[in-house]
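Participant: Structure provided below as structure tokens; questions to follow.
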Amino acid sequence: MAEKLLARKAGKERVEPGEIVEARVDVVMMNDITGPLAIESLREIAERVWDPSRVVIIFDHQMPANSTEIARDHDMMRKFAREQGIENLFAEGICHQVLPEKGFALPGLLILGADSHTCTYGAFGSFATGVGSTDLAAAMASGRLWLRVPESVKIVLEGKLGRRVYPKDVILQLVGEIGADGATYQALEFQGEGVRRMSIGGRMTLCNMGVEMGAKTALVAPDALTRRYVEKRARFPFKEVRSDPKAEYADERTCSLSRIEPQVACPHRVDNVKPVREVEGREIDQAFLGSCTNGRTEDLIEAAKILKGRKIHPRVRMLVVPSSRETYLEALRLGVIERLVRAGAILGPPGCGACMGSYIGVLAPGEVCVSSSNRNFRGRMGSPEAEIYLASPATVAASALRGKLTDPREV
Amino acid sequence: MPRAWVLGDDVSTDDIIPGRYLVKRSPEELGKHALENLLPGFSSRVKKGDVIIAGKNFGCGSSREQAPLALKGAGVGAVIAESFARIFFRNAVNQGLPVMICKGVKASFSTGEEVEYDLVRGVVRNLTRGIERKAEPLPDFLVSILRAGGLIPYLKSRRKE
């Protein structure tokens, strides 16, 4: 599927893994952390972006600004957007939630984002990959970029998830098995009835963490559910691509969903994954529900189910950050926000929240955080002496309730 | 002669430059915080041209291009690792920071030993111990980008020709 997609973008009949192609880009995205450098680089090589309707600027990591430096960066990016006639500047949530909502993540497109979790859009059947600021500038100037065609790996999800087990537990288990560099340069393609049954949000969670194994992109073939999501939102015409029945894969792996139990990635490695029950009882100071991995309405609903009518543990700060304005409004309408806030959670503005340690919810030395985000590297969320455990929204909520890491099936 | 700074596996871009420093800054300012969680005091002890020797998956995580910029700003001359995360590898070349893949390099060095390397021939030498390791030579077009000082200067110079 990845090869077919890149062949089409490179104007070729077919391409082979390892081949380097120059591909036409459909959408480029920058955020408030990577954008300023990309704009500076662009100015060195071109006066105008190749197509302002295909450039998307997102403020999400530090929005609204929490320092004069980032305020200056936001200002510089707003001016750039005005000068270039870029109308797609959004400051209402995380890039990886807002691009799909606004109709930029579509089947068959090639999307480059100056953010490593750009692979999230593979959930819609697009070839989407993270690049740095300079590569983004080169793509913005010409609408093209050279890419190495990745080997494809097929991951078949079979069967059904058990009670209070989620796509996050599936991807954590896979990261644990494959390792933090086990899929470097590869394209992961999720197949099988297990992924067909997953919501769009669940598929986004899977693809989002592809990069935590080093993958270049992660893909799910579009189906009726995808079409229903993109139909009213699509900004551009698009053409679906799916793999040939006889497609060849560098590797294949099958995962039986019914055997998976709630998982947690322990400090300080994303692939240090264990069942929650093995580390149950570890006391926590902070619980973070949000991020591009798990900050969607369905994630907030699962947490609210656990916390409804109850109070979180008095020692725990629970931070809830909806991934976008659309998520926020939907959760408000459903009464989910009220249930979470009544339980004692603090609500943050839609965006990246505590994930990157540069905004809200920073950790002190020795503190322990359970988080629904995607990275637990040392120092990621503040002090290098703090510890981060990655888990599903339900595990985050159950742990906030008890004040210690808790299997959500027990509450 | 450049000296080695030896690091382990899976050094993340959060290790190289923490998220709180990512607002627009000069390479020199970023360099003051390079690797500060992993090697406290690194930026004041590193000498211009010193080489980072690391294990597998160097530069994993975020796509922040501030990571190679911070290393360059601190004075690092090259990174030689068993393997790299793909976004970091591209970003390093684009910023003109030499990177080279060399199997077994981590075990061949201790911090402080003298390093010599040849990007074109793909060779790394530990002059202190007198040993040599074969690395993967860089393709010509990447060497040209590095020689120009990064992708932007490279594109500009090509435009002039």
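Participant: Exactly one of (1) buried (at least 20 other Cβ atoms within 10 Å of the Cβ); (2) more than 14 Å from chain A (Cβ to nearest Cβ); (3) of a type in the set (Asp, Glu); (4) within 16 Å of residue A:37 (Cβ to Cβ) is unmet by residue B:50. Its number?
Facilitator: (4)
Participant: Restricting the first residue to the range A:71-95 and requiring it to be farther than 27 Å from residue A:329 by Cβ and in the same structural domain as residue A:112 (by TED's automatic domain parsing), which pairs with a second residue that is modelled with pLDDT of 95 or more and not in a helix (DSSP H, G or I) meet a Cβ separation below 8 Å and a spacing of at least six or different chains?
Facilitator: A:73/A:32; A:80/A:57; A:80/A:86; A:84/A:48; A:84/A:49; A:84/A:55
Participant: How many residues are out of contact with any His (no Cβ under 7 Å at 6 or more places or on another chain) and closer than 25 Å to residue A:209 by Cα when one looks only at the range A:55-104?
Facilitator: Filtering the range A:55-104 down to residues out of contact with any His (no Cβ under 7 Å at 6 or more places or on another chain) leaves A:55-58, A:60-64, A:66-95, A:97-104.
Now drop any that are not closer than 25 Å to residue A:209 by Cα, which leaves A:55-58, A:60-63, A:90-95, A:97-104.
So the answer is 22.
Participant: With the requirement that a residue be touching a residue at least 40 places away in the same chain (Cβ under 8 Å) and either charged (D, E, K, R) or assigned by TED's automatic domain parsing to the domain that holds residue A:267 (or both), what does the range A:178-208 give you?
Facilitator: A:189, A:203
Participant: Please tell me if residue A:17 is more than 23 Å from the chain's Cα centre (by Cα), assigned to a loop (DSSP other than H, G, I, E, B) and buried (at least 16 other Cβ atoms within 10 Å of the Cβ). Break it down into steps so the answer makes sense when it comes.
Facilitator: Values: more than 23 Å from the chain's Cα centre (by Cα): yes; assigned to a loop (DSSP other than H, G, I, E, B): yes; buried (at least 16 other Cβ atoms within 10 Å of the Cβ): yes.
Yes: the conditions hold for residue A:17.
Participant: A further question follows. Tell me, which strands (runs of 3 or more DSSP E) lie completely within the range A:227-302 with 3 or more residues that are crowded, with 19+ Cβ neighbours inside 10 Å? Reasoning before the result, please.
Facilitator: On the way: elements: A:251-256, A:263-265, A:273-275, A:286-289.
It comes to A:263-265, A:286-289.
Participant: In the range A:129-163, how many are in a strand (DSSP E or B), within 12 Å of chain B (Cβ to nearest Cβ) and not basic (Lys, Arg)? First the steps, then the outcome.
Facilitator: Residues of the range A:129-163 in a strand (DSSP E or B): A:129-130, A:144-148, A:152-158.
Next, only the ones that are within 12 Å of chain B (Cβ to nearest Cβ) stay: A:129-130, A:145-148.
After this cut, where a residue has to be not basic (Lys, Arg) as well, the list is A:129-130, A:145-147.
Summing the residues that are in a strand (DSSP E or B), within 12 Å of chain B (Cβ to nearest Cβ) and not basic (Lys, Arg) in the range A:129-163 gives 5.
Participant: OK, next. Which condition from (1) surrounded by fewer than 17 Cβ atoms within 10 Å (Cβ to Cβ); (2) under 16 Å from residue A:28 (Cα atoms); (3) within 10 Å of chain B (Cβ to nearest Cβ); (4) hydrophobic (A, V, I, L, M, F, W, C) is the one that residue A:50 breaks?
Facilitator: (3)
Participant: Here are the criteria: (1) assigned to a strand (DSSP E or B); (2) facing another protein chain (nearest Cβ under 10 Å). Tell me which single one residue B:79 does not satisfy.
Facilitator: (2)
Participant: Something else about it: Need the failing condition index for residue A:184 against (1) surrounded by 24 or more Cβ atoms within 10 Å (Cβ to Cβ); (2) in a loop (DSSP other than H, G, I, E, B), just the number.
Facilitator: (1)
Condition check ((1) part of a helix (DSSP H, G or I); (2) over 25 Å from residue A:69 (Cα atoms)) across all residues:
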site: A:3; (1), (2): yes, yes
site: A:12; (1), (2): no, yes
site: A:23; (1), (2): no, yes
site: A:36; (1), (2): yes, no
site: A:57; (1), (2): no, no
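The values are calculated or read from the model by the stated rules, or taken from the named source; none is laboratory data. Predicted, not measured: the structure shown is a model, and the values here were computed from it. Note that we place each Cβ from the backbone using ideal geometry, even for glycine, and neighbour counts take in every protein chain shown.
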